[in-house]
1. At 1.4 Å probe size, with no ligands or nucleic acids counted, give the accessible surface of Arg134 in Å², nearest ten.
2. May I ask you to give the solvent-accessible area per residue for the stretch 73-126, in square angstrom, as obtained with a 1.4 angstrom probe?
3. If you roll a 1.4 angstrom probe over the protein chains with everything in place, what fraction of the accessible area of the stretch 62-107 belongs to carbon and sulfur, to the nearest %?
4. Please give me the summed charge of the neighbours of Asp47: other residues whose Cβ is under 11 Å from its Cβ, Lys and Arg +1, Asp and Glu -1.
5. When a/c is below 1.5 the answer is rounded, else prolate if a/b is larger than b/c, else oblate, so apply that to the stretch 41-136 with a ≥ b ≥ c taken from the square roots of the Cα gyration tensor eigenvalues.
6. Under a Cβ-Cβ cut-off of 14 Å, what is the net charge of the residues other than Glu107 that fall near it, where Lys and Arg count +1 and Asp and Glu count -1?
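The values are calculated or read from the model by the stated rules, or taken from the named source; none is laboratory data. Computed from a prediction, not measured in an experiment: that's the story for all the values here. Cβ placement follows ideal geometry from the backbone for every residue including glycine, while neighbour counts extend to all protein chains displayed. In case anyone asks, the SASA skips ligands and DNA or RNA and just uses the protein heavy atoms, side chains included. Shrake-Rupley method; radii C 1.70, N 1.55, O 1.52, S 1.80 Å.
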Amino acid sequence: MKRIQTIPSLLCLLTICGFALASLLIHAPACHAAADTVIVTAEGLADPQSDTLKDDQSALAAALLSDAKKQVLEKVVSLFMNDQQLAKHYTLVDKEVLANDQRFIKEILQKSEPWQGGDGFMHILIKAEVHGDRIEQALQEISKKQRTKLIRQAGNPRITVAITVRDLSLI
């Protein structure tokens, strides 16, 4: 009797494992990139009613693509920094990483046609291959610069060690 009950339990377990494995395979990203790159999809937005973009379609297209690239890089940065760290150091990250998309984006793999959404903004979707290893190195360099800056602001750190010698025979 015991043997008959374990077979359905085993089949149930195998079925659950099979569904979990199938789910992983279905939802796994199709990534043919090298190990040091990641493929990311992001949406760029631009306001077509802004004074600088209203009458210039090429400037609008450039603004859309620029925002989409920035969104792609922000997604990869978020792999290495939590929200609080990113908020605290956003200006530096923006200057060192987000403003240098040509250094970090290897290739734009797909780009949708721009469309105007119900929110009044123009939208574009891009899929890009990004050098994750370069972004990680840039963020480590930022961290190193921050530590150096703090040391310089506080002056050279000094450590004092006091050593007292007692006669142990008195104890």
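1. Approximately 100 Å² of Arg134 is accessible to the 1.4 Å probe.
2. Normalised by residue count, the accessible surface of the stretch 73-126 is 65 Å².
3. Accessible surface attributable to carbon and sulfur in the stretch 62-107 totals 47 percent.
4. -2
5. Prolate shape, in that a/c is at least 1.5 and a/b is the bigger ratio.
6. +3
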